[in-house]
Each structure stands twice: as C-alpha cells, then as structure tokens.
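Structure first, commentary second.
Nothing in this text is a laboratory measurement; each read-out follows from the coordinates by a stated rule. Note that this is a predicted model, so its numbers are computed, not measured. Cβ sites come from the backbone with ideal geometry, for glycine too, and all protein chains shown count toward neighbours.
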Amino acid sequence: MLALFDLDDTLVDRRGGLAVWALGFARSRGLPAGSESVIRERLGDRARPEDFVHVRALLGLEDPPEALWREYVAGMARSARCFPGVREGLDALRSAGWVLGVATNGPGDIQRAKLAASDLLSHFHGICVSEEIGVRKPAPEHFETAAALCGRKFDAECWMVGDNPETDIEGAQAAGLRTAWVANGRTWAGYGREPDIVAPGVAEAIAMMRQTGS
C-alpha cells in the first residue's frame, strides 16, 4: 500500500513554527510591537521568495529579499516540529509494509529543510515538492508524480493524508485516491464529498488507516 502525506500542518506544525520564527525575527530586529502579526498575516497561507519583497517594504527593512528568504528558511527549519506520534505512526506503517511519500506544495529548499530538521526524511521512500516538479496540488499530475517518486504505481488503493480540504482532499479524490483528512479542530461541514477518514490529528489518521487493513 502507498500513503502520501502533506507536510505543512499535517506532519509538521507550520503555524506554530511561523509564530515562533516571526516573534524571534521581530525581536532580533527591534521592530515595533505587532510586527510579528504583520509577518504571520503575510506568510500565513504560504511563503515564497518573492513574498519577502513585500515583507521588506511593510517592515521598512534594508536587507535584500533574497537574504530575508534565506533567514526565513533557516529559522523555519529551526522551529520545525512534527506533531506528536508522527514518527511512531510512520514507523508502524512501514513495518506493516506500506510505502510512504510526501506530496507537498512549496519551494524545495524550505520544504526539504523542514523535513530534515524534524527528522522525517528517512521515514519516506519519496519526496514530491511542487516547485521541483512544476505542478501544484490539487492537480492530478502532482499525486501521480509523488507515487512515481516512491517507485509505486498510481491507483485507487493509494491514500492521501492532509489538512487542506481543497488541495489535499478534493484534489486527491478527483485523482481517484482514498483520503484521510486531518481536521486540526475543524469540522468537514461545508466542504465537498466526505473523506474516507476524518481524524483529529495525523497520528489518529494513521491509526485509522492501519485498521482498514488495506
């Protein structure tokens, strides 16, 4: 069996890491109170190198955007923490014969830095990052490439585990995958077709997938 996992706010706590980094960055630069909120608002959904052109202007910084991006990548890697039970759950899946992959949107440098810093790289057979392949979720080609990078055939027995209803769940459903949604305190009401699994966190999603026996 093949299981693909989203990275941000599925395997690792991106929101928490961003809050830690933004506060530390603002304090290290002596920025006015509330600057960390400006950073979180600008980078809350996703962050790319070009976003730091706007961050630089908003905060009145003199650093080149490229330098700010490098500082962000290093800081987010230091702040990266996987959710409780993630490594143990992944180990259990691998011991049961599952093949595991990451299917994530974002730039390759920061996504791989977070995986390495949170000690997750060795748990996966393949890593698929949108910027590296030129295709973002929810496009079916992203999931197909992720399966191929794991050395597995893409079929209806594959699972996608993620927290984003549109890019992770609806995208995977459209591609024909089984789905496990990491709710993170939310309810599915108001979204589309119900996922195969709705779980409060990724560790619970993994446990429920194992119980399916497939």
(request) Calculate for the chain the 222 nm mean residue ellipticity that helices alone would give, adding -39,500 (n - 2.57) per DSSP H run of length 4 or more and normalising by residue count, nearest 500 deg cm²/dmol. (result) -13500 deg cm²/dmol
(message) Between Asp51 and Glu141, how high is the FRET efficiency from 1/(1 + (r/R0)^6) when r is the Cβ-Cβ distance and R₀ = 30 Å? Nearest 0.05.
(response) 0.75
(request) Would you mind checking which residues have amide H under 5 Å from Ile127's amide H? H placed 1.01 Å from N; only 5 or more apart, or other chain. (result) Val102
(request) Using Cα centres only, tell me the gap between the stretch 91-108 and the stretch 1-40 in whole Å. (result) 23
(request) Please grab the % of Cα pairs in the stretch 14-79 that end up more than 18 Å from each other. (result) 23
(message) 5 Å is the cut-off here: which amide hydrogens, built 1.01 Å from N in the peptide plane, fall below it relative to Asn164, excluding neighbours closer than 5 in sequence?
(response) Ile169
(request) Please give the peptides 68-78, 131-141, 2-12 ranked by average Cβ packing (other Cβ atoms within 10 Å per residue), highest first, as a rough proxy for protection. (result) 2-12, 68-78, 131-141
(message) Applying a 10 Å radius around every beta-carbon, put 51-62, 185-196, 13-24 in order of their mean neighbour count, most first.
(response) 13-24, 51-62, 185-196
(message) Net charge around Glu132, counting only other residues with Cβ within less than 14 Å of its Cβ (Lys, Arg = +1; Asp, Glu = -1)?
(response) +1
(message) Need one word for the chain: rounded, prolate or oblate. Basis is the Cα gyration tensor (sqrt eigenvalues a ≥ b ≥ c); a/c below 1.5 gives rounded, then a/b vs b/c decides.
(response) prolate
(request) Pull up all non-local amide H partners of Val99: gap of 5 or more, or a different chain, and H-to-H distance under 5 Å with H placed in the peptide plane. (result) Leu2, Ala3
(request) Sort 200-206, 154-160 for me by packing, meaning the mean count of neighbouring Cβ atoms within 10 Å per residue, highest on top. (result) 200-206, 154-160
